[in-house]
Structures are given as C-alpha cells and as structure tokens.
Amino acid sequence: HFLVQQFIDGQTLAEELEAQGKPFTEEQVRSLLLDLLPVLQFIHSHNVIHRDIKPDNIMRRQVDDRLVLIDFGAAKMATQTELAKTGTTIGSAGYAAPEQGYGKATFASDLYSLGVVCLNLLTQMHPFDLYDGMEGSFAWRDYLNNNSVSDPLATVLDKLTHSSLKH
C-alpha cells in the first residue's frame, strides 16, 4: 500500500501562529472550523480517521488562502471490525484524544484533536499547559489574555474537547 499526497504550497498553522505573534481571534477560529469540518465530514464518510490533527498538519494554501488538512500518514480505515479492535497508539502528544492513547481511535478522535488545535490557536499555549488534570478538562479560558470568545463558540470548543466520547 502507498499513499500519494498532493504538494501544498503554503504555511502550516504552527508557522502562521508563530509569524502572527499573537493568538488567533474568534473569527479566525470560526473560519478554521468552517474550512475543516467539511473535510472531516468527507473523510469520515469514506471511513477514514486522520488520527494526527495538529497545527503542523494544517496548511493555509497560498493559492486561495484556504485551510487544508495534510499528512495522512497516520490515517486509518475505520470499518466496524477495525473500530472494535485495539490498534496502534498513534497521534501527537497533547492533541490526540484520550481514547487514542488506548489504541481505540474513533471519528470523534479527529474532532477532539481539531478542538484542541483551536484552543492552542486561541491561547498560544501547548495543550499540556492548558489541561487541568484535577478537573479532567482544558482550562483554556484562563489563558485567553483579553482574546474574547463568544458563549456559542466556547460551548462548541468544550464539546469538541470533552474527554468522554458520549459527550
């Protein structure tokens, strides 16, 4: 098996965040979600889980300024049989969903990772520094530094990054 991936001329979100020198705004995060949620819907509808969504694997395509999900090297076909089996523990530390640590990646795992990316972009902090182990959730609001986030978006981000799959 092999995977052919298109060359994307552009900058990763990690590079963009560093070059920007300040956190993303709510508008930029909403734009990211509007660009990438349809992509996840498409790949999930074809039974593929990306399993490594992080700022380094999202690029802003120079030709049209759209965000593109890259690096499908860790992707997995997700048949009912495959989802029932414990697989390889894979993903990037801090961005991977809790179930991925047990080799049980699901479609929701990609949504969790995308939510964590949003928290990273809003705060400029690594997910390890945002996670409150005592509460079992991300304390991202404490690190917004005057970067306002509306209640509707905050609710979406909390649901995306909830550690329980049923939520």
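The values are calculated or read from the model by the stated rules, or taken from the named source; none is laboratory data. These figures come from a predicted structure and were not determined experimentally. In this analysis, Cβ positions are derived from the backbone assuming ideal geometry, glycine residues included, and neighbour counts consider all displayed protein chains. The accessibility values were calculated without ligands, DNA or RNA, using every heavy atom of the protein model including side chains. Shrake-Rupley method; radii C 1.70, N 1.55, O 1.52, S 1.80 Å.
Quick notes on this one:
- Here is the figure for the range 15-42: residues that are touching a residue at least 40 places away in the same chain (Cβ under 8 Å) and closer than 13 Å to I70 by Cα total 2.
- As a summary of the residue check, V156 satisfies the conditions (1) in contact (Cβ under 8 Å) with a residue 40 or more places away in the chain; (2) outside any loop (DSSP other than H, G, I, E, B); (3) open to solvent by less than 30 Å² (accessible area, probe 1.4 Å) except for the one numbered (3).
- Residue within the range 71-82 that is out of contact with any Leu (no Cβ under 6 Å at 6 or more places or on another chain), surrounded by fewer than 17 Cβ atoms within 10 Å (Cβ to Cβ) and modelled with pLDDT of 90 or more present: no
- A count restricted to the range 1-24 and to residues that are of a type in the set (A, V, I, L, M, F, W, C), exposed (fewer than 15 other Cβ atoms within 10 Å of the Cβ) and in a helix (DSSP H, G or I) stands at 1.
- Residues located in the range 34-51, provided they are more than 16 Å from A105 (Cα to Cα) and crowded, with 20+ Cβ neighbours inside 10 Å: L36
- If you filter the range 87-140 down to residues that are among the polar types (S, T, N, Q) and in contact with a strand residue (DSSP E or B) (Cβ under 9 Å, 6 or more places away or on another chain), you find that the one that is modelled with the lowest pLDDT is T88.
- Looking across the range 96-113, the residues that are surrounded by 23 or more Cβ atoms within 10 Å (Cβ to Cβ) and not small (G, A, S) come down to Q100, D110, Y112.
- Test result for E27, assigned to a helix (DSSP H, G or I), modelled with pLDDT under 95 and surrounded by fewer than 19 Cβ atoms within 10 Å (Cβ to Cβ): no
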